[in-house]
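Here's the structure, in structure tokens; my notes come after.
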Amino acid sequence: MRRRRIHEGKAKVLFEGPQPGTLVQYFKDDATAFNNEKRGIIVGKGVLNNAISEYLMLRLAEIGVPTHFVRRLNMREQLIREVEIIPIEVVVRNVAAGSISKRLGLEEGSPLPRPIVEYYYKKDELGDPMVSEEHITAFGWASNLDLDDMVPLALRVNDFLSGLFLGVGLKLIDFKLEFGRLWEDEEMRIVVADEISPDSCRLWDTKTNEKMDKDRFRRDLGGVEEAYQEVARRLGVLPDSIPAEGGRPTLVK
Ligand code: UDP
């Protein structure tokens, strides 16, 4: 079946969904870092991120965090609600790493005094610059009311996922969320969109502090595929076999 391609991003493709108001989100093995300067393939990543993101979105829905997720369709695809993506990446940090370490001269791994929320404007040409609430509301990317929903949701997601990951021996160092506006009979709700996976989270092993996320790719640490598989295994969602990209999609029972 040929489906209309709505959007192709770095790690995912969005297709028209089977019903109005739905989309199919296809997870690729492509990996990029440093604003597209570094590109590669992480074999099996799409399958693993599809499974991991499904699991986390379902757990979030159970505690009342609304998400765009409907159900997984096959190894690489999930059905999602079509939302209007808010062009802001919301990053929540518990421990200093990555850009905050560089920007503020904080040693990687040093705990932050409290969870810190940051905003980045989604604009590839500009390398996703960090912005403040002032920029967001002045330029109309999101309203104060939107932010009043987004920030408490992001902090709830942080508390919940920190505990969930701790239960499987992983520290949630930081992560990125995207939000969308979901319209239902004239009513608008803000929901968690995109994906939650080792592409968008920093996860360190609690015992060894080993990095179990995309930093293994960003920093050429090796064992990238294995790290993604280990996260899936610990969450109990590692598939028996990981089909290569381009294979025939198999339906989920
Ligand atoms: N992140 C992401 N997409 C981005 C930028 C960051 O998913 O475009 C995630 C990243 O994986 C990390 C967190 O957001 O878990 C904070 O990233 P940081 O600002 O430290 O940037 P980076 O080190 O990735 O440049």
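The values are calculated or read from the model by the stated rules, or taken from the named source; none is laboratory data. Remember, it's a predicted structure, so these values are computed and weren't measured experimentally. Cβ coordinates were reconstructed from backbone atoms using ideal geometry, including for glycine residues, and neighbour counts include every protein chain displayed.
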Positions within the stretch 193-212 being over 14 Å from GLU84 (Cβ atoms) and of a type in the set (A, V, I, L, M, F, W, C), in sequence order: ILE196, CYS201, LEU203, TRP204, MET212
Hits in the stretch 195-232 - residues which are part of a loop (DSSP other than H, G, I, E, B), within 20 Å of GLU37 (Cα to Cα) and away from the ligand (no atom under 11 Å from the Cβ): ASP220, LEU221, GLY222
Selected residue (only one of SER53, SER101, SER110 is of a type in the set (S, T, N, Q), under 17 Å from the mean Cα position of the chain (by Cα) and modelled with pLDDT of 95 or more): SER53
Qualifying position, being surrounded by 14 or more Cβ atoms within 10 Å (Cβ to Cβ), without any contact (Cβ under 8 Å) to a residue 12 or more places away in the chain and either within 18 Å of GLU89 (Cβ to Cβ) or not polar (S, T, N, Q) (or both), among ALA31, ALA61, ALA51, ALA11: ALA61
Number of positions in the stretch 108-151 that are of a type in the set (D, E, K, R) and either in contact (Cβ under 8 Å) with a residue 12 or more places away in the chain or touching a Ser or Thr at 6+ places or on another chain (Cβ under 9 Å) (or both): 9
Filtered residue count, the stretch 165-194, keeping only those that are hydrophobic (A, V, I, L, M, F, W, C) and within 16 Å of the ligand (Cβ to nearest atom): 9
